Amino acid sequence: MTDTFTASHADNPLLQDWNTPHGLPPFSLFQPAHFAPAFEAAMQAHRDELDAIAQQADAPSFDNTVAAFDRCGRLLGRVEAVFRNLTSSQTSPALQAVQREMAGPLAAHANSVYMNAALFARIDTLHEARTTLGLTPEQLRLLERTHFDFVSSGARLKGADQARYAAVMEELARLTTLFGQNVLHDEASYQLVLRTEDELAGLPGFVRDAARQAAVDRGLQDDAQAHVITLSRSLIVPFLTFSTRRDLREQAWRAWTSRGEHLGEHDNREVARAILKLRREQARLHGYASYADYALVDRMAGTQQAVKQLLDEVWPRALAAVERERQMLRAAMVDAGQGADAVIEPWDWRVWAEKVRVQRYAVDDAEVKPYFRLDRMVEAAFDCAGRLFGLQFAHRPDLPLYHPDVKAYEVRNASGQVCGIFLQDNFARPTKRSGAWMSSLRWQNRNVPQGAALQSHSGVALTVQAGAAEIPVILNNNNFAKGAPGAPTLLSMDDVRTLFHEFGHGLHGLLSNVTYERLSGTQVLRDFVELPSQMFEHWTSEPAVLKQHARHWQTDEPIPDELLARIQRARRFNQGYETVRYTASALVDMAVHSLTDDEPPADLCAFEAQELQRLGLPHGVGLNHRLVHFQHLFSGSGYAAGYYVYLWAEVLDADAFDAFVEAGDPFDAQVAQALQRFIYASGNSLEPREAFAAFRGRAARVEPMLRKKGLIEDGQAA
Ligand SMILES: [Zn+2]
């Protein structure tokens, strides 16, 4: 490393010590132009660290090789974490350009890490001897995990195969980046502007308020009549639920479901095909017939057969349930004077379902939402974390953040020590991708590198206490429609579940209590990761929680018992519709990733339509996760051949929550303690089936999930 190189980075805030409270990123100092040079310097620092491990004269030991590998790359991890969070939540054309520019080099760097032959040889030697090394269970887990990471990233490939594998991975990184940017483009560029009462017909006040706010956010503040429906879930779904303008619903539905399918430079059809072709090659280089076979090796499910068995358990029951719901919708249509042969189109289902919900269960969103103020529901989530795990959240408005909407909290554990920082970014905006997610800026761990080791290589000043532990910095992103100025943001029950879901992931990060960074927080198998999040959703239905926190935003009255009872009765209604849509998406994902031909289908949209027809997706139940914008599958690879994981985890979470039901208390201290120890705090330090069994005393059963979804009656076996 030359002095010139060091000097050129001296003023790059991404590479300096962050002397902020809790070492949070000083976001206001970062410019898009800082990222590429910071990535280059951090990758160089990482390579130097890896060479130092690989080239050392000492024989491989767990500490000088495996634990040392876990300690290195922290500077790169830090820069990447900041970059990922900004490109997801507060992006810009300049950041997107860096994203496109760096996707290839970052993938190439990852290849060079896992294809470092000298390094892998040391890890492989230790792995061979793993049972004789006297390792703790967590150390053994780290060794096995690290070894698996190398093997599944191509470490065992030879010569030309390894070179080809590296090229495939770089091209995949480029294409998945492009795919996500194309979806964001189509979402950001669509808006349905409503101005007249006729165009706003049917929309309750909260939808109008949110649509007005969206108009302001999109620069239409001077157009006093303008209301904007965007493709953000928290606007498009209420619009499709309440608008009585069938023509506008159809228009909005088509815009929502055709994202990524427009001719021109943002067309995702060929991008998705190219990704599938490369994934097939990736799998073949590893000796697997299909990408699904390759991906499932690193999942609890293990095989396509296990996934298929679960989906098959649910699919016919969900079809039967949706048929019962269709009959109810049809009856409501006849009551409303529509002909018995009127067709229910995908843009009609939600409107009629809402009518049935109001008629049969006397529950409508417009009555419910005033009780679900966003800030109160955040308090409810914090309160549940306090009652279950002893956590306390203190708002810290002084901490540096990247957008005024983000809130930072200092989190203390039951002993009163600060155990993490939690950032919550709740509102939709055009610079944020759609959906809801948890991410991290720093993982909890007790394997922090010594400052000197880092400084001696790259010249980059990153000083950390030797042997110190790091507390996690965890983010939650939601896409709620912000209330009008002066008015609170009100949530639907769906939104409340999303809030708790992401907070459950957040707790998985915040409660993490492991030694090694690789095993920390949510870095678990993909079909286990939704357990802590979906588990936490259960507390949104607990009367004890709702009576305390669901208060009318104007009167402060707690939600009335009889409204609560109506909400509980209505809970299972329309679950057939939701389950069919989800399961169909999961089945199409498995279908497209289990293909064994070298060439993907020439026309992906036609393939998708054929699959749905073969499965018997009922008319009127449209999908909003179509392949051309299915970010789970194509904006990265984490959920490819993995959309089923939510259902898999639901088997776990429904059964796990039953432990509280059996104890007779949703906050039972003993159950909560076991839940924390084996599920929320253990990260990837335990094998997932063992972790579940340690909590529950046995393996998970499928019945509680089927019952929860209303797919079997209480008392009936399945
Ligand atoms: Zn999740």
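The values are calculated or read from the model by the stated rules, or taken from the named source; none is laboratory data. On a predicted model such as this, the values are computed, not experimentally measured, just so you know. All Cβ positions, glycine included, derive from the backbone under ideal geometry; neighbour counts span all protein chains shown. Accessible surface is based on the protein model in full, side chains and every heavy atom, while ligands, DNA and RNA are left aside. Shrake-Rupley method; radii C 1.70, N 1.55, O 1.52, S 1.80 Å.
Details
- Out of Thr65, Thr125, Thr136, sole residue that is surrounded by 20 or more Cβ atoms within 10 Å (Cβ to Cβ) and of a type outside the set (A, V, I, L, M, F, W, C): Thr65
- Across region 619-629, not a single residue is classified as over 26 Å from Tyr582 (Cα atoms), hydrophobic (A, V, I, L, M, F, W, C) and buried (at least 21 other Cβ atoms within 10 Å of the Cβ).
- Single residue of region 323-381 satisfying the filter (touching a Lys or Arg at 6+ places or on another chain (Cβ under 7 Å) and farther than 22 Å from Arg572 by Cβ) that is surrounded by the most Cβ atoms within 10 Å (Cβ to Cβ): Trp347
- Qualifying residue in region 511-527 (condition: within 16 Å of the ligand (Cβ to nearest atom), free of Cβ contacts under 8 Å to residues at least 40 places away in the same chain and under 24 Å from the mean Cα position of the chain (by Cα)): no
- Residue-level check: of (1) at pLDDT 95 or above; (2) part of a helix (DSSP H, G or I), Arg707 misses just (1).
- Residues located in region 334-362, provided they are closer than 19 Å to Phe239 by Cβ and among the acidic types (Asp, Glu): Glu345, Asp348, Glu354
- When Leu475 is tested against (1) at pLDDT 50 or above; (2) open to solvent by less than 10 Å² (accessible area, probe 1.4 Å); (3) over 24 Å from Gly509 (Cβ atoms), just one condition goes unmet, and that condition is (3).
Here's the yes/no breakdown for (1) in contact with a Pro (Cβ under 9 Å, 6 or more places away or on another chain); (2) of a type in the set (D, E, K, R):
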residue: Pro532; (1), (2): no, no
residue: Phe536; (1), (2): no, no
residue: Glu542; (1), (2): yes, yes
residue: Gln568; (1), (2): yes, no
residue: Arg571; (1), (2): no, yes
residue: His619; (1), (2): yes, no
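- Flag if Pro316 is free of Cβ contacts under 8 Å to residues at least 12 places away in the same chain, closer than 30 Å to His508 by Cα and of a type outside the set (Ser, Thr, Tyr): no
- In the condition set (1) touching a helix residue (DSSP H, G or I) at 6+ places or on another chain (Cβ under 6 Å); (2) modelled with pLDDT of 95 or more; (3) open to solvent by 20 Å² or more (accessible area, probe 1.4 Å); (4) more than 17 Å from Trp437 (Cβ to Cβ), Thr540 is compliant with all but (3).
- Test set (1) open to solvent by less than 30 Å² (accessible area, probe 1.4 Å); (2) under 30 Å from His147 (Cβ atoms) - Thr303 fails condition number: (1)
- Cross-chain or 6+ apart pairs with Cβ under 6 Å, region 83-94 first and within 18 Å of Glu40 (Cβ to Cβ), then aromatic (Phe, Trp, Tyr) and outside any loop (DSSP other than H, G, I, E, B): Phe83/Phe35
- Members of region 160-186 found to be out of contact with any His (no Cβ under 6 Å at 6 or more places or on another chain) and among the hydrophobic types (A, V, I, L, M, F, W, C), listed by number: Ala160, Ala163, Ala166, Ala167, Val168, Met169, Leu172, Ala173, Leu175, Leu178, Phe179, Leu184
- Lone unmet requirement of (1) of a type in the set (A, V, I, L, M, F, W, C); (2) at pLDDT below 90; (3) within 30 Å of His185 (Cα to Cα) for Ala461: (3)
- Members of region 139-177 found to be among the aromatic types (Phe, Trp, Tyr) and open to solvent by 30 Å² or more (accessible area, probe 1.4 Å), listed by number: Phe148
- Qualifying positions in region 588-615 - open to solvent by less than 40 Å² (accessible area, probe 1.4 Å) and either part of a loop (DSSP other than H, G, I, E, B) or charged (D, E, K, R) (or both): Asp589, Ser594, Pro600, Pro601, Glu608, Glu611
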